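Read through the structure below, which is laid out as structure tokens, and then see the notes.
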Amino acid sequence: MAIEKKAISDMKKYIYLFDEYDEVMAALDQNWDGVRGLLGGKGANLLDATRLGIPVPPGFTVTTVGCNDYLAAGEQFPAHLWDQALEAVARLEGTTGKKFGSVENPLLVSCRSGARFSMPGMMDTILNIGLNDEIAAKLATRTHRPRFAYDLYRRLVQMFGGVVMGVPDEVFEAVITAQRRESNARNDAELDASAWKAVTLRFKEIIRTYTGKEFPTDPYEQLRQATEAVFRSWNGKRAIDYREAAGIDHDLGTAVNIQTMVFGNVGDDSATGVFMSRNATTGEPVLEGDYLINAQGEDVVAGTRTTLPILQLKTDMPQMYDQLEKIARRLEQHHRNMQDMEFTIEQGKLWLLQTRDGKRTAQAEVRIAVDMVDEGLISREEAVIRVKPDQVDFFLHPQLDPDALKDIQPIANGLNVSPGAAVGVIAFDPDLAQRWAKEEGKSVILVRPETRPDDVHGMLAAKGVVTSKGGRTSHAALVARQFGKPAVVGVEAIEIDLDNHLMRIGENLVIEEGEYLSIDGNNGLIYYADLPTVVPDINNPSLLKILSWADEFRKLGVRANADYPDDARRAREYGAQGIGLCRTEHMFFQEDRLPIVQRMIMATTPTERAEAISALLPMQRSDFEGLFRAMEGQPVIIRLLDPPLHEFLPSAHDLMLELTDLKLRMQHFSSLKEMDQALEEIRSKSEILQRVEALQESNPMLGTRGVRLGMLIPGLYKMQVRAIFEAASRCAAEGLDVRPEVMIPLVSHVGELDIMVGPLKEIAREVMDDHGVDIAYLIGTMIEIPRAALTAGEVARTAEFFSFGTNDLTQTTYGISRDDAETGFLVHYLQTRLLRDNPFTSIDPGGVGRLMQIAIKEGKMTRPDLEIGVCGEHGGDPKSIRLCHQIGVDYVSCSPFRVPIARLAAAHAALSVD
Ligand code: PEP
Ligand code: MG
């Protein structure tokens, strides 16, 4: 079958042997990335390892171009491909001294797919190609190992029948199970040669019956069909789905690797195993893995025999262990990354079958990155790039123990709005959650249809929060993120029955209050179980190093959204450079304050309102003082009140129910006194209901919020500014460096600012004069309405800084309600990929991003030193952070728990990492 040398040089080269490194590199102008594209990841790495002198069983790769030409020609081998394959087989015969298809001294090969990117959706491996009845029989007698020979043969027929001919593997497994029963064998290892021979015979019959075709006895036909099957698997449904999901191009094609078989199952001087060059869980620089003596590769992963830890090999076969260590180091040096490898030892000779970059935990990732910088393998920039921002989450929150998750299925899923795991007993009522947590020391999961400000005490007491409604910027999501409480919201499968203290999932599952639930805020999964958790450490030295390097590279500042001094302290500990948003309405969530705010909103006379406002002043002052102290020397942006009224008012529905109940109970009172009390209560509740109804708005999120409320109740913002400057002046009088920035929310017209700012500045001046201090401060605005963005040039005449409220800006630009976005049509848009990203998670570059660009450009034209920040939830999202970096934002602000993530993401943006 030899082909003329001249002819080869004229034809397209579809095949490269593992020892043709120089040829491949020359063909691709020394471009290693190109080599990976042509030979696939697996083929390229085997080529590379062979060049490094690592013992790799000889083999060759059929290129991805071969695959694409095959598919383009309607599933026909292109001219010369098969001839080149035959030539390559002949070269393997020369190297190994064996002969493909020979009865006396057969060469056996494996066939594996190998695309540019590892793709679990592709065809599996076929081992032992080259056997048939005659060759297997001879191998059995010649080696005096009949069991070995027939076990190899049945594996070939089973794998070939499955992956090439399409017989379901369950059928083959059923035959093996039946044979075990017949042979009284407890496991496969106890099946002897005649059992495997009988099994193989039956396999072939099954193939015939299922497919109407024979298992091919000609080894070349086996090789040909296996290669075609790999090519075709590129267009299999599983592979297409995987590529869709992973965003891999459909035109890359897959390569096929044909490799000489080596056997770890020819006696006690043989073994097979998998190992990593470092510990994949902790990152420690020691080999980690498993092996089996006298076994074939799949036995290690199949779990049918108990594997031995790789360290044991040091005792069992010290020389082999030594070689493994050297190979691991050599490959690490070369790839500058931790390696995941497969090996086989055949009668005392070690072979490396595969190597690739190893998958690892977040903890291992940071340790390995830092260690590799210390070892001189990679630069600091590369170490920072290697750690993905989301991996930092692992160090900030407890996680469900991965071992415990192996045996359990989730009962429902929702939106993963606040990361980390929480485990506890269910409370459907915030008061109960608080009582159980505070008085009885229980871990509690608060489960509600949705949350409101008067649920916050229960949320704070709980370990985690679940709601059946709501989206990423719902009240529950915002508050949970703010306080670092793991939360899953919008779990539509849950039907909560508050009256009977239970919840239903589907037809059959009823879960009662007090039962255990485990939630995973990283992926939105919920488990009906009391699962163990692992608690990582933010002060992990490797992580701290990565973050400090990130700080050196990033250009964006990172501030925190913090409402309380405790939050501010934590944010600073996590590396925040100031407060980018203090939502003052959150300061009124506490139980003793909420009624005063409600009184202030519902007041019917100026005196009533003035009283409520003055009652709030001392509370505000002490809160602000705490913030200034915690953030000494750093800017603190305090946003004047922006309460969506529906969140702060009692629910009209609840009031109505209470009134009905009171009226019904009137019949049962025995004393006149009780009756009088009830009448009084009915009168007062009716008045509140009337007021609530009068204040009710059809679209409260677009209603009397932010500066609009400030315009209607001028005393309110004045009180807040007085509180801010009294607090700041007290601190300044002690010599503290305070940097207040006053922010006015929901501005849509510069006129709103023009009316507001003058009187507020006067109050600031008056307070500072009273205290004998002079504090530099800024008054600025949020940009969260498209009109404000489009008229930014005018707005910047009065505003000294802009902070993009991208939650509202997304809501108002898209015209999607932020409260129920994730349960409505948006889900459909995302599922059908009309939208690639949820605009409430990642800033929509074409709409919201464009408005931001306009606002930045025009704002800076009016005021060149305009400070620009982002304080919506997007401030902690790596993709949005990248956009902010590109369009000239000065800083992002996010919840304290996302500050470390934002620091890393900002460095990635500066280092231009996708
Ligand atoms: C915003 O709208 O992005 C914002 C930060 O304000 P809030 O979420 O409080 O409306
Ligand atoms: Mg807003």
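The values are calculated or read from the model by the stated rules, or taken from the named source; none is laboratory data. Keep in mind the model is a prediction, meaning the values are calculated, not measured. Positions of Cβ are generated from backbone atoms using ideal geometry, with glycine treated the same way; all protein chains shown enter the neighbour counts. To get the accessible areas, we keep the full protein, side chains included, count just its heavy atoms, and leave off ligands, DNA and RNA. Shrake-Rupley method; radii C 1.70, N 1.55, O 1.52, S 1.80 Å.
Before moving on, here are some points about what is shown:
- Rg over Rh, two decimals, region 744-783 (C-alpha only, Kirkwood Rh): 1.06
- Over all pairs of different C-alpha atoms, region 242-327 has a mean inverse distance whose reciprocal, the Kirkwood radius, equals 15.2 Å.
- For the chain, the antiparallel share of DSSP beta bridges with both residues in that region comes to about 60%.
- Using only alpha-carbon positions in region 584-692, the gyration tensor eigenvalues give semi-axes of 38, 13, 13 Å once each is multiplied by 5 and square-rooted (largest first).
- Dimensions of region 287-361 based on its C-alpha atoms, expressed as ranges along the principal axes with the largest first, amount to 33, 27, 19 Å.
- Viscosity 1.002 mPa s, temperature 20 °C, Stokes-Einstein D of region 680-749 from Kirkwood C-alpha radius, µm²/s: 140 µm²/s
- Computing Rg and the Kirkwood Rh from the Cα coordinates of region 125-169 gives a ratio, Rg/Rh, of 1.03.
- When shorter helices are ignored and each DSSP H run of at least 4 residues is given -39500 (n - 2.57), the per-residue value for the chain at 222 nm works out to -14500 deg cm²/dmol.
- 5 Å-binned pair-distance histogram of region 798-876 (Cα, whole percent): 3, 15, 23, 23, 15, 10, 6, 4, 1
- Against the chain, whose longest principal axis is taken from its Cα atoms, helix 714-733 shows a tilt of about 80°.
- All-pairs alpha carbon distance profile, region 568-634, 10 Å steps from 0, percent: 19, 40, 25, 13, 2
- Per residue, the convex hull spanned by the Cα atoms of region 144-206 amounts to 71 cubic angstrom.
- Normalised by 2.2 N^0.38 Å, with N the number of residues, the alpha-carbon radius of gyration of region 866-914 equals 1.00.
- Across the chain, Cα pairs under 8 Å and at least six residues apart give a relative contact order of 9 percent.
- Kirkwood Rh in Å, taken over region 359-432 so that all alpha-carbon pairs contribute: 15.4 Å
- Hydrodynamic radius (Kirkwood) for region 678-835, which is based on Cα pairs only, to one decimal in Å: 18.5 Å
- Cα pair distances exceeding 22 angstrom across region 510-644, given as percent: 60 percent
- Average accessible area per residue (Å²) across region 738-793 - probe 1.4 Å, nucleic acids and ligands excluded: 36 Å²
- Estimated dipole of region 719-871 in Debye, rounded to 20 [Cβ of Lys and Arg +1, of Asp and Glu -1, Cα centre]: 620 debye
- Each residue was assigned an accessible area with a 1.4 Å probe, and for MET619 the value is about 40 Å².
- Protection proxy ranking, peptides 729-737, 887-895, average beta carbon neighbours within 10 Å, highest first: 887-895, 729-737
- Region 1-136: proportion of alpha-carbon pairs further apart than 24 angstrom, %: 33 percent
- Here region 528-680 is treated with +1 on each Lys and Arg Cβ and -1 on each Asp and Glu Cβ, and its dipole about the Cα centre works out to around 600 debye.
- The value obtained for the chain, namely the Cα convex hull volume divided by the number of residues, is 215 Å³ per residue.
- Summarised in one figure, the compactness ratio Rg/Rh of region 342-383, Cα atoms and Kirkwood Rh, is 1.20.
- Estimated translational D of region 190-276 in µm²/s (Stokes, Kirkwood radius over Cα pairs; 10 °C; 1.306 mPa s): 93 µm²/s
- Values of log10 I(q)/I(0), in the order q = 0.09, 0.13, 0.18 Å⁻¹, for region 124-254 under a Debye, Cα-only, solvent-free model: -0.31, -0.61, -0.98
- Basic side chains Lys and Arg get +1 at the Cβ, acidic Asp and Glu get -1 at the Cβ, and with that the dipole of region 709-792 about its Cα centre reaches some 240 debye.
- Most positive-pole-ward Cα, LEU709, GLN409, GLY888, against dipole of the chain from beta carbon charges: GLY888
- GLU182 versus THR141: modelled label distance in nm, points set 7 Å from Cα along the beta carbon direction: 2.5 nm
- Packing rank of 108-114, 649-655, where each peptide gets the mean count of other beta carbons within 10 Å, highest leading: 108-114, 649-655
- Taking only the alpha carbons of region 409-525, we obtain Rg and Dmax values of 12.4, 35 Å in that order.
- With eigenvalues of the C-alpha gyration tensor scaled by 5 and rooted, region 303-460, Å: 47, 22, 13
- Once the Kirkwood radius over Cα pairs is known for region 200-357, the Stokes-Einstein relation at 4 °C and 1.567 mPa s delivers a diffusion coefficient of 70 µm²/s.
- Percent of Cα pairs in region 63-155 per distance bin of 10 Å, from zero to the largest separation: 14, 35, 32, 17, 2.
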